[in-house]
Amino acid sequence: MRRPAVDVVVPFAGSDEELADLRARLEGLRLGASDSLTIVDNRPHGGGRDVHGVVRAPEVQSSYYARNRGAAGGQGEWIVFVDADLEVAPDLIDRYFEEAPQADTAVLIGEIETTPTSQTAVARYGSLRRHLNNESAAKPGWEYAQTANAAVRRDAFEAVGGFRGHLRSGGDADLAFRLVARGHGHERRREARVRHPPRSTLAAMVRQFARYGSGSQWLHERYPGFAPPRPLPGLVLWLAKAGPKALLVAAGGDRDRALVVALDPVVYLATELGRFLPNARRTSRSATARHVMRVLRDRRRATRRSQ
């Protein structure tokens with residue numbers, strides 16, 4: 001099948017050395033004559049002027065803002081979004097279109113494999129828990145494509161205004177829900193596969209899930225039923241019990257299960273505490289205070305329902 005033209009967009013916010021490495025890694029991606037590849041440099045002060053294949057977007061530090069900027073520069077029928085820290089197969093684009101999408105399909109959901117690139121315990125935990133896997137975005141009735149590996153039909157993307165460019169997290173789910181509201185569907189593309197490394201340090205993992213928590217709260221307020229809060233008292237008690245239980249499990253010889261037992265409550269608590277962080281990149285103190293009060297009210301309701 002002759003596939004449609006595709007614009008590949010990759011947001012970036014690392015060092016100059018990491019940018020050079022990214023460009024080298026993406027050289028192997030197979031592009032057709034009508035395809036394009038754009039790296040969007042989202043650093044506030046780095047990068048200098050635009051160079052071939054790299055567009056600067058320093059105004060707002062948000063990967064969604066960067067994705068919008070990259071998408072705006074293309075003309076392909078489809079836009080393929082991938083993250084900068086992925087291992088991407090040369091035939092990724094062809095894999096997306098081995099089967100023609102249905103007429104009402106606006107999103108193709110690519111596959112994400114969690115593949116550790118370091119030997120730390122935290123990376124091992126992320127691999128065991130398959131962080132950033134497709135199952136985490138497959139809640140019945142709330143399916144969406146994670147922008148680490150997704151294809152979106154351009155006319156549908158533009159019709160809903162693209163991503164909300166001010167968000168820290170949750171923009172991929174929000175885009176999917178707005179597309180569904182307009183009658184568009186989605187399809188899985190299990191052969192369109194990328195590899196994504198989990199976080200390798202505890203601090204990085206906590207920051208990651210705190211950001212997810214911020215996005216979850218924002219989505220919960222706009223799409224009731226999606227990502228409701230968990231009662232905090234139960235999570236704190238779970239965390240207190242996790243250490244001794246993990247030691248007992250490790251003493252029994254199952255180190256992987258002990259790692260999961262020890263770190264699961266840390267991840268869930270980081271996510272729930274992250275709900276207190278505003279999801280907008282630029283938030284005034286008064287708006288932050290109002291946000292915290294809303295989350296506290298949500299917390300009280302969730303605690304009452306759990307009792």
Taking the chain and counting helices only, DSSP H stretches of n ≥ 4 at -39,500 (n - 2.57) each over all residues, the nearest-500 ellipticity at 222 nm comes to -14000 deg cm²/dmol
Which entry in (1) 40, 23, 15; (2) 33, 23, 20; (3) 56, 24, 15 matches semi-axes √(5λ) of the Cα gyration tensor in Å derived from the coordinates of this structure? (2)
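Between residue 181 and residue 236, what is 0.36 nm times their sequence separation minus the Cα-Cα distance? Round to one decimal in nm.
Between residue 181 and residue 236, full extension yields 16.1 nm more.
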Among 254, 83, 35, the residue with the largest mean-square fluctuation in a Gaussian network model of the chain built from Cα contacts under 10 Å is 254
What does the C-alpha gyration tensor say about the overall shape of the stretch 22-178? Classify as rounded when a/c is under 1.5, otherwise prolate if a/b is larger than b/c, or oblate. rounded
Could you give the accessible area per residue of the chain, probe 1.4 Å, as a whole number in Å²? 50 Å²
Enter the angle in degrees (range 0 to 90, nearest 10) between the Cα long axis of helix 202-222 and the first principal axis of the Cα atoms of the chain, meaning the one along which they spread out most. 80 degrees
Among 86, 71, 101 the positive-end extreme of the charge dipole of the stretch 1-103 (Cβ point charges): 71
Using a 10 angstrom cutoff on alpha carbons, build the Gaussian network for the chain and name the most mobile of 15, 200, 36. 15
Relative contact order (percent, whole number), the stretch 51-172, Cα cutoff 8 Å, 6+ residue spacing: 42 percent
Length-normalised contact order for the chain - Cα pairs under 8 Å, 6+ apart - percent: 18 percent
Please state, rounded to one decimal and in Å, the Kirkwood hydrodynamic radius that the stretch 204-297 gives when every pair of distinct Cα atoms enters the mean of 1/r. 14.5 Å
Highest GNM mean-square fluctuation, the chain, Cα pairs closer than 10 Å: which of 270, 103, 89? 103
At a 1.4 Å probe, what is the % contribution of carbon and sulfur to the accessible area of the chain? 53 percent
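The values are calculated or read from the model by the stated rules, or taken from the named source; none is laboratory data. This is a predicted model, so every value here is computed, not measured. In this analysis, Cβ positions are derived from the backbone assuming ideal geometry, glycine residues included, and neighbour counts consider all displayed protein chains. Side chains are part of the model used for accessible areas, which takes the heavy atoms of the whole protein and leaves out ligands, DNA and RNA. Shrake-Rupley method; radii C 1.70, N 1.55, O 1.52, S 1.80 Å.
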